[in-house]
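The values are calculated or read from the model by the stated rules, or taken from the named source; none is laboratory data. The model shown is predicted, which means the values in this text are computed figures rather than measured ones. Cβ sites come from the backbone with ideal geometry, for glycine too, and all protein chains shown count toward neighbours.
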Amino acid sequence: MIPFIKFVRLVVICAVTIAITTTCSDNKQDSDNRTVFNYNEMAGISSLDPASANNTEDIWGVNQLFNGLVQLNDSLKVIPCIAKKWWISDDGLTYTFILRDDVYFHDNPCFENKKGRKVTAKDFVISFNRLYDARVSSAVSLLANIDRTEKTGYKGFSATNDSTFVVYLKEPFSAFLSVLTMKYFSVIPYEAADFYGQDFRRNPVGTGPFKFKLWEEGTKLVLLKNENYFEFDGKNRLPYLDAVTISFVKDRETAFMELLNGKYDMLSGADAFNINEVLDKNGNLQSVYAEKFILQKQNFLKTDYLGILVDENIDIVRKSPLRIKALRKAINYGFDRVKMVKFFRNNIGYPATAGFIPNGLPSFDEKIVKGYTYDPEKVRQLLIEAGFPDGKGIPEIVLHTTDNYLEQTEFIQSQLADNNIKVKISVDKPVVLRQAVASCEYNLFKKSWVGDYADEENFMSLFYSKNFAPVGSNYTHYKNPEFDVLFEKVIKEQNRDVKNALYRQMDQMLIDDAPIVPLYYDQVIRLVHKNIKDLTTNPMNLLNLKLVKKELKKD
């Protein structure tokens, strides 16, 4: 009898062989040679309203349909979009944007004669003010620095004329342009918001390279080429594709078979397929898959880490050995990150041997920010310094995690035990872990942080003392007055070189104080059919399809 795992391997390899040597009917283009890009979204899509685009799957859909003032290129540089230029006042409080005059909303029944009209600055005023409505918006907290006081006539945003849009801030904030690249800040027509009301989430009207056609929730979403899109490649109007279809198959094995059969052009994410089957331990495609697919890997603004509650005003911290810095540092030295990434992630990602700021942001420099590597001798010395020679007398330490990270945490547990640090693992449901961490109920917990926008401030804010959980995202309750001073300085600094130096200094402070145990910096990973051209990746893991071409396969 063939063991089950070997049987599955045989079935998959046979399927790949068939897919490579035949052309399936699902992948045939229409008779008029239209090109359609197809991908699967296991998590589904809950809304196509940019005001509530707070997860990757929704953001990907929204990004095809809407535009904002500015956008990020694949190098994370803020570049023009609907705003063709802008300037910032000397005091850093006023941002003035000059808009293009050739941007139109998609044709839709909400407009007179169903014809999309030109975008004006007033549309941005209305769209941004709509973000204050918590019933539709997930961006309310991002508006805290908008100045709606008597100084600005109680208006945080204004339209000087049809092409000039102005934003007023209370305090200088050097990351503000990066924040504006988030999909929340897309422009929408007030006619559509009024016409569709709460149902705007499934009847989106934007300015993007694709326009909405059909959404069968839980089954498929269809977007068509916007023939009037305003961006060009220098000569040709974008996009090149005629349509985009998104499926919502939740079973990854089924989705993977559909990729093999040619129904999908791409699968994205390490959870979208069995990495142990598809990749070798060096993170490369197995040869049978390399014949058909391109493996895309890219730095991702995401750091996985262990968080340690360090606020001694909390009772569970006063009773925990983790209040002792030397023990926290011993844990950091007590396991091999390189082995963990290789054997439990097939080399997807990079061992976090620098700070908390991930590989992919400008200030990242592991030659300057010195993190932790596996060093049993330093563990031994630090245990003595902590008052626990050879680990004797260490009270129970419990590490809280979820099923998804059990193998990784068991590896850490095993290596720490080899170095006389005993850790007990508690597996929680994700929602339980999330709530407990926010409520400061756990001393040690597994967590990750994904950058919402491309600035280090988004990562360093987790350790600013005025952001203590549960109100803010400082889950460790780390407090260092020197760190706070630098944080308040760097968020006002516009010079990139100065910002880099300050962020590195702050990151080194975190490493030295050890309220965290950085594990790895993640990567974007995609499996893409070879007939797909110019599908780029970026550290924000944003799906951009406006430049993608699809070569038609011959029958």
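Miscellaneous remarks
- Within the stretch 303-320, at least one residue is under 24 Å from G391 (Cβ atoms), in contact with a Lys or Arg (Cβ under 9 Å, 6 or more places away or on another chain) and without any contact (Cβ under 8 Å) to a residue 40 or more places away in the chain.
- Residues within the stretch 318-360 that are within 21 Å of G269 (Cβ to Cβ) and under 23 Å from the mean Cα position of the chain (by Cα), tallied: 15
- Only listed residue being in contact (Cβ under 8 Å) with a residue 12 or more places away in the chain, touching a Pro at 6+ places or on another chain (Cβ under 9 Å) and in a loop (DSSP other than H, G, I, E, B), chosen from Y229, Y264: Y229
- Qualifying residue in the stretch 483-494 (condition: part of a helix (DSSP H, G or I), surrounded by 19 or more Cβ atoms within 10 Å (Cβ to Cβ) and touching a residue at least 40 places away in the same chain (Cβ under 8 Å)): yes
- Qualifying positions in the stretch 47-64 - touching a helix residue (DSSP H, G or I) at 6+ places or on another chain (Cβ under 9 Å), surrounded by fewer than 22 Cβ atoms within 10 Å (Cβ to Cβ) and in a helix (DSSP H, G or I): S52, I59
- If only residues of the stretch 267-286 that are in a strand (DSSP E or B) and among the hydrophobic types (A, V, I, L, M, F, W, C) are counted, the one that is surrounded by the fewest Cβ atoms within 10 Å (Cβ to Cβ) is L285.
- Count of the stretch 356-378 residues, restricted to those that are in a loop (DSSP other than H, G, I, E, B) and in contact with a strand residue (DSSP E or B) (Cβ under 7 Å, 6 or more places away or on another chain), is 4.
- Test: residue in the stretch 544-551 that is over 27 Å from D315 (Cβ atoms), at pLDDT below 95 and assigned to a loop (DSSP other than H, G, I, E, B): yes
- Residues in the stretch 291-318 that are part of a loop (DSSP other than H, G, I, E, B) and at pLDDT 95 or above were compared, and the one that is nearest to I348 (Cα to Cα) is L309.
- Qualifying residue in the stretch 333-349 (condition: free of Cβ contacts under 8 Å to residues at least 40 places away in the same chain, part of a helix (DSSP H, G or I) and over 30 Å from V498 (Cβ atoms)): yes
- Within the option set I294, I324, I331, being crowded, with 22+ Cβ neighbours inside 10 Å and β-branched (V, I, T) holds for one residue only, I331.
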